1. When the chain is fully extended, how far beyond the present Cα-Cα distance does residue 394 get from residue 499, taking 0.36 nm per residue of separation?
2. Going 7 Å from the Cα of residue 154 along its beta-carbon direction, which residues of the range 521-542 have the amide nitrogen within less than 11 Å of the resulting point?
3. Test of understanding: ordering 180, 518 by Cβ neighbours within 10 Å, fewest first, what list do you get?
4. Going by how many other Cβ atoms sit within 10 Å of their own, how do 153, 266, 338 line up, fewest first?
5. Could you check the spin-label model distance between residue 217 and residue 165? Points 7 Å from the Cα along Cα→Cβ, value in nm.
6. Give the order of 320, 242 when sorted by the count of other beta carbons within 10 angstrom, beginning with the fewest.
7. Label points 7 Å out from Cα along the Cβ direction at residue 450 and residue 328: separation in nm?
8. Out of all Cα-Cα pairs in the range 319-396, roughly what percent, to the nearest whole number, are more than 14 Å apart?
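What follows draws every value from the coordinates through simple rules; no lab data is involved. These numbers come from a predicted model, not from an experiment. All Cβ positions, even for glycine, are placed from backbone atoms using ideal geometry, and neighbour counts span all protein chains on display.
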């Protein structure tokens with residue numbers, strides 16, 4: 001099946017604002033910076049801004065360009081389309097299992113045919129080969145476990161909450177509410193109440209409940225909540241690090257190929273990068289040099305790939321590709337994990353009134369888009385991504401806190417595959433309850449080099465369920481939790497359908513169809529006595545100087561239900577640590 005990542009500057013996860021200094025570097029003039037940051041997403045974006053605000057010379061490099069003003073990036077309701085927006089997307093096709101027996105029955109299985117086309121679904125042609133704006137805090141236990149794993153108390157939940165207060169611009173609570181911020185770069189808001197009323201009734205006291213509250217029992221809260229969104233008001237546009245005022249230079253459409261090192265000292269020291277641009281793909285590669293530090297924020301898949309291409313990773317794998325071993329770090333690209341996700345799809349006899357007139361710009365005119373653009377007083381359906389509410393539950397497999405988030409939306413969402421956004425929204429009669437299982441016990445996934453060409457995507461294998469971690473029945477516990485979530489709401493829904501009735505059938509359906517899109521932990525931080533450590537608690541790569549990793553790959557466990565806000569907080573934390581070390 002496929003996962004579709006965004007790879008350039010936009011709203012949501014990868015974003016930078018038009019206040020960015022409008023000066024692009026020439027391909028042969030990338031020297032003399034204090035910090036070079038690779039990746040403008042939730043890890044690298046806020047970090048680059050903080051370093052620039054502190055007065056340092058910062059170069060931000062991103063393989064994409066700035067599409068933040070594009071309609072598909074601005075409109076909250078076009079969230080699904082934004083992930084398939086061609087100027088922005090990177091298509092990663094991942095494996096959930098090492099063999100094809102179970103994936104061949106996955107309705108989302110994607111194959112590349114001999115002609116280069118893509119085929120989605122079972123029964124591929126012959127000669128084929130297989131190939132989110134939510135602002136929800138992690139559980140306090142997620143941060144406390146990170147503090148324990150790294151031996152660094154600055155990762156504790158109490159101290160990490162300060163970073164939410166620093167970055168947030170909350171617009172749904174009074175400014176006397178504790179534990180929130182009200183004046184910085186990430187606007188958080190809620191879906192307009194009238195849209196919830198038009199969609200469903202009986203939501204009772206959810207209007208009074210804050211999903212990101214600062215209560216002592218935050219980890220234990222369950223029930224129905226409104227979902228905070230990264231949507232600015234009153235314009236109702238998606239918001240993210242692109243809205244963060246900063247003065248830094250940027251190199252867009254620039255693909256980093258490897259890190260440069262000076263090796264004359266006691267330890268190799270990162271001094272710059274080699275990269276290719278659209279104008280020099282087949283010429284001598286330009287480079288940056290003389291940086292005080294290089295910071296990789298290319299994400300859970302790309303960052304370990306870059307480290308390996310630079311000679312940092314498992315010795316056996318590097319030798320297999322004839323890459324000179326700079327540092328033997330077996331943990332690079334290991335421990336890959338994600339939380340499991342499935343959809344429960346229901347169909348009504350008539351359209352949902354909320355979306356019946358919307359075309360989601362598949363065709364024009366689009367009455368809902370026109371209302372969002374032209375009606376200052378009532379911008380309508382497109383002010384939300386469609387997910388206004390969610391229920392939180394604790395499964396019988398949970399060790400302690402609730403582990404299931406079940407949001408609902410008027411879509412037909414059965415997973416991610418090429419063209420999924422069109423299929424999800426082409427019919428206004430569908431509703432999906434989406435099950436997200438947090439606190440994965442399975443970290444058996446891997447990110448390995450496919451080739452040594454940096455333009456090739458790596459081989460990504462999650463080794464899900466019974467092909468991953470099975471100790472202490474870890475696979476069965478994860479499966480049981482998802483099963484209970486589906487049973488909770490499936491009585492009125494049509495997918496997985498009447499042919500999937502028994503517990504065994506439903507669990508096999510889950511193994512076949514489950515997906516995820518919050519991958520993490522391919523560069524684990526922990527004490528250097530751990531053989532699989534890649535980083536220390538200050539984001540520094542072990543065995544070298546001048547190189548850090550700041551992105552979702554640093555999380556020891558997938559944090560909470562949605563990974564964006566925790567990664568923003570990690571970015572802010574990294575900025576503090578880097579500035580402290582530079583003082």
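1. Full extension from residue 394 to residue 499 adds 35.1 nm.
2. Inside the label zone: 537-540.
3. 180, 518
4. 266, 153, 338
5. 2.4 nm
6. Ordered from fewest to most neighbouring Cβ atoms within 10 Å, 320, 242 come out as 320, 242.
7. Distance between label points: 2.9 nm.
8. Cα-Cα pairs of the range 319-396 separated by over 14 Å account for 79 percent.
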